[in-house]
Structure formats: structure tokens, C-alpha cells
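Accompanying notes for the structure given below.
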Amino acid sequence: MTLVKQTAIATDQAPAAIGPYSQAVRAGDFIYISGQLPINPAVGAIEAEDAAGQAAQAIDNLEAILREAGHSLANIVKATVFLTDIADFAAVNQVYAARFTSDPKPARAAFQVSALPAGAAVEIEAVAYVG
């Protein structure tokens, strides 16, 4: 059995992994981006206090990782949004809609979780097609 070649993608323009995982991995024609917390990589901390601001930073981090690989948010085909409060869904959705402007929009799931690392209110992971 032949395994698909896997290549780690990393950039200092997004927060470093806070555990034993890669920021992203390219496998074949796909890039699998680990969940991005709303950490501003320039300061190493979460600055935004509201979910909308945190969503914007998480998307900035996704974009930085894709840019490192020579791609953009337009390559994302699937995203998962984790929220610590589902009441923030509408605010996060507004930010998400403003940033994901290509058609078709990525497939997406969003749901509430009991907690996220670093006390974040939002985390977003994604899969991008780059073939």
C-alpha cells in the first residue's frame, strides 16, 4: 500500500502549535489546517474579547497558513467552527460571511463545546483543496 506524501506547513504569521501537532499538513491535493484559536501571533495572546473579534483573528490565522502554502481562503472546501456559546453564532456568522466571499462557499459545521484551549470563545479548523 502506498501512502500519500504528507508535508507539514508552518508559519510564524499564525500561532505556533500548543501541542504535538502541525499547524497544517498537505496530503495529496488537500491541506488539513488544525483548529486555529484567536491568538494574535504578534503578541502570542488572545486580544479580542468578543466572539466576532475572535472569529476574525482565527480566520486571519487560517489565511496566514494558506498563504504560506501559496493559497488563500478561496481554497477552503470545509470548515468547522467551535463556539463556547452558541448564542455567538450570529455574530461569528457575520464575520465568516464577510471573509469567505468566493462561490461556492465552503461546507461548514458549527457547534457549541464546553471549553476551548486558552480560554478562547471560538476555534476554526478547515480543509482546503489545492490540486
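So in the stretch 11-30, with the set limited to residues that are touching a helix residue (DSSP H, G or I) at 6+ places or on another chain (Cβ under 7 Å) and open to solvent by 40 Å² or more (accessible area, probe 1.4 Å), which one is modelled with the highest pLDDT? Talk me through it step by step, then tell me what you get.
Restricting attention to the stretch 11-30, the residues satisfying the condition of being touching a helix residue (DSSP H, G or I) at 6+ places or on another chain (Cβ under 7 Å) are 11, 13-15, 18, 23-24.
Applying the additional criterion that residues be open to solvent by 40 Å² or more (accessible area, probe 1.4 Å) yields 13, 18.
On the way: Gln13: 97, Ile18: 83.
Across the stretch 11-30, the extreme among qualifying residues is Gln13.
Give just the number: which of (1) open to solvent by less than 70 Å² (accessible area, probe 1.4 Å); (2) at pLDDT below 95 does Lys5 not satisfy?
(1)
Among the residues of the stretch 101-120, what is the count of those that are open to solvent by less than 50 Å² (accessible area, probe 1.4 Å), touching a strand residue (DSSP E or B) at 6+ places or on another chain (Cβ under 7 Å) and either modelled with pLDDT under 95 or among the hydrophobic types (A, V, I, L, M, F, W, C) (or both)?
Looking only at that region, the number is 5.
Cβ-Cβ under 6 Å, sequence separation 6+ or interchain: first residue in the stretch 111-125 and farther than 18 Å from Leu62 by Cα, partner of a type in the set (Phe, Trp, Tyr). Which pairs?
From the stretch 111-125, the pairs are Val113/Phe82.
Does the stretch 79-86 include one or more residues that are at pLDDT below 95 and in contact with a strand residue (DSSP E or B) (Cβ under 9 Å, 6 or more places away or on another chain)? Let's see the steps before the verdict.
Here is the first cut: in the stretch 79-86, the residues at pLDDT below 95 are none.
No; the residues of the stretch 79-86 include none that is at pLDDT below 95 and in contact with a strand residue (DSSP E or B) (Cβ under 9 Å, 6 or more places away or on another chain).
The values are calculated or read from the model by the stated rules, or taken from the named source; none is laboratory data. Small disclaimer: the values here were computed from a predicted structure and weren't measured. Don't worry about glycine lacking a Cβ; one is built from the backbone with ideal geometry, like all the others, and counts go over all protein chains shown. Quick note on the areas: whole protein, heavy atoms, side chains included, nothing else; ligands and nucleic acids left out. Shrake-Rupley method; radii C 1.70, N 1.55, O 1.52, S 1.80 Å.
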